[in-house]
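Visitor: Let me give you the structure first, and then I'll get to my questions.
Only the coordinates and a few stated rules stand behind these numbers; no lab work does. Remember, predicted model here, so these are calculated numbers, not experimental data. Backbone-built Cβ (ideal geometry, glycine too); neighbour counts: all protein chains shown.
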Amino acid sequence: MKEELIKQGVIYTDMESALREYPDIVKEHFMKCVPVYDHKFAALHGAVWSGGSFVYVPKNVKVDIPLQSYFRLNSPESGQFEHTLIIVDEGASLHFIEGCSAPKYNKVNLHAGCVELFVKDNAYLRYSTIENWSKNMLNLNTKKAIVGKNAQIDWVTGSFGSKISMLYPMSILNGEGSRTEYTGITFAGEGQNLDTGFKVIHNAPNTSSVVNSKSISKSGGKCTYRSLVRINENAKGSKASVSCESLMLDDLSVSDTIPVNDIRTDDVEFSHEAKIGKISDKAIFYLMSRGLSEEDAKAMIVRGFAYPISKELPVEYAVEMNNLINLELEGAIG
């Protein structure tokens, strides 16, 4: 980490070191955003967690460079329970990038990590993650953020690999004028069931949320988009927009959309849009007439479909995501 960030009081370390060196900060926030009674895998995580990242950004400190963390599960038939705890104090800003992967084994592995994000008043956090699991992984991660007054959190997510994923990041907008935006993509191939989505709770007036989700399925893979948008009675003047698009590359694949929109006040603006379709034969024919092979034509269309997500990532991660898409199209991941 750059010396000037250390001088400004930015803390970036592993969770075990944070617990020893900054026990008061950790105890104040640990398992407060994701309580152990949330669900059984949160309870399991709270009991056996190990490893993970801890970030604290002091008041009014702007972190200009992204902080990055990477987790890899290297043992067969094992579990990974890393804990990520990020606190962005009042008026501060941060971009945090997290990567996850695992090599292929013959045995099933479990990932039940936890991410807790605290975005204080007038602060900003962008949390980006690219997950590239092997296809023997059960990915049952839990991610939540608590957002203060006039604060904002942006989620950017790419989910590849795993046998089963159940992943629904959540923003809890507790402060007036708080905002959240979610941009995510999943890619399910043969033997995969990726059940993903986003949750947002509007708990204060004049809050806003934007959800832009995309999924791609091929070779019998199943993608499910499952969401919750709840605008409570006291969240008057709030705005919410949900868009989910699914692209199926063959007749074997499955794509479902299961949104829950719980609007408890009339003084809101809300929109929901969903699209499910197959890749266009005419578009493939046109590109092939311009000299591309059928495989290259499909890859170009899929990359164009995923572009709104990749453009939100730093260049090196956008390139990596495009490479993962190409490998998925070739059936080379997992």
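Visitor: Computed FRET efficiency, Cβ-Cβ of Arg264 and His39, R0 41 Å: what is it to the nearest 0.05?
Guide: Details: r = 24 Å, r/R0 = 0.58.
Approximately 0.95, to the nearest 0.05.
Visitor: A follow-up question, please. Mind running the shape call on the range 3-279? Use the C-alpha gyration tensor, a ≥ b ≥ c as the square roots of the eigenvalues: rounded below 1.5 for a/c, prolate if a/b tops b/c, oblate otherwise.
Guide: On the way: a/c = 1.87, a/b = 1.11, b/c = 1.69.
It is oblate, given that a/c is not under 1.5 and a/b is not larger than b/c.
Visitor: Can you tell me the orientation of helix 315-330 relative to the chain, as the angle in degrees between its alpha-carbon axis and the longest Cα principal axis, to the nearest 10?
Guide: 40
Visitor: Over 19 Å between Cα atoms, which of Lys59/Lys199; Lys27/Lys144; Lys32/Lys199; Lys135/Lys218 qualify?
Guide: On the way: Lys59/Lys199 28 Å; Lys27/Lys144 17 Å; Lys32/Lys199 17 Å; Lys135/Lys218 14 Å.
Among Lys59/Lys199; Lys27/Lys144; Lys32/Lys199; Lys135/Lys218, the Cα-Cα distance tops 19 Å for Lys59/Lys199.
Visitor: Moving to a separate point now. Go ahead and collect, in residue order, the members of the range 313-327 whose backbone nitrogen is under 17 Å from a label point 7 Å along the Cα-Cβ direction of Met300.
Guide: Label zone hits: 326.
Visitor: Okay, moving on. Given the convex hull of the Cα atoms of the range 280-334, what is a quarter of its surface area in nm²?
Guide: On the way: hull surface 17.0 nm².
Projected area, direction-averaged: 4.3 nm².
Visitor: Quick one: if you stick a label point 7 Å off each Cα along the C-beta vector at Arg72 and Ile6, how many nm between them?
Guide: Taking the two extended label points, one gets 2.6 nm.
Visitor: Roughly how many debye, to the nearest 20, is the charge dipole of the range 244-292 about its Cα centre, given +1 on each Lys and Arg Cβ, -1 on each Asp and Glu Cβ, and no other charges? Before the final figure, lay out each step's value.
Guide: On the way: 5 positive and 10 negative charges, 92 e Å.
Rounded to the nearest 20 debye, it is 440 debye.
Visitor: Moving on. Could you give the dipole magnitude of the range 280-334 about its Cα centre, charging the beta-carbon of Lys and Arg +1 and that of Asp and Glu -1, in debye to the nearest 20? Before the final figure, lay out each step's value.
Guide: Working: 5 positive and 9 negative charges, 55 e Å.
Taking the Cα centre of the range 280-334 as origin, the dipole is about 260 debye.
Visitor: Relative contact order of the range 3-279, please, whole-number percent, based on alpha carbon pairs below 8 angstrom and at least 6 residues apart.
Guide: Values: 839 pairs, mean separation 31.0, N = 277.
It comes to 11 percent, rounded to a whole number.
Visitor: At 7 Å along Cα-to-Cβ for each site, give me the label-to-label distance between Val108 and Leu228 in nm.
Guide: Simple spin-label model gives 2.5 nm for this pair.
Visitor: Can you give me the three principal axis dimensions of the range 1-94 from its C-alpha atoms, in Å, biggest first?
Guide: Principal axes ranked by extent give 42, 29, 22 Å for the Cα atoms.
Visitor: Please give every one of the aspartates and glutamates within straight-line cross-link reach of Lys2, meaning a C-alpha to C-alpha distance under 12 Å, and leave out same-chain neighbours fewer than 8 residues apart.
Guide: Correct list for Lys2: Asp64.
Visitor: From the helices alone, meaning DSSP H stretches of at least four residues, give me the mean residue ellipticity at 222 nm for the chain, per-run term -39500 (n - 2.57), in deg cm²/dmol to the nearest 500.
Guide: Numbers: 7 runs with 70 residues, N = 334.
Mean residue ellipticity, 222 nm, calculated: -6000 deg cm²/dmol.
Visitor: Another question, if that's okay. Under the classification rounded if a/c is under 1.5, otherwise prolate if a/b is larger than b/c and oblate if not, where does the range 184-251 fall, given a ≥ b ≥ c as square roots of the Cα gyration tensor eigenvalues?
Guide: Values: a/c = 4.82, a/b = 3.15, b/c = 1.53.
Because a/c hits 1.5 or more and a/b exceeds b/c, the range 184-251 counts as prolate.
Visitor: To continue, here is another question. Which distance in nm do the two modelled labels at Glu190 and Asn322 give, with both placed 7 Å along the Cα-to-Cβ direction?
Guide: 2.8
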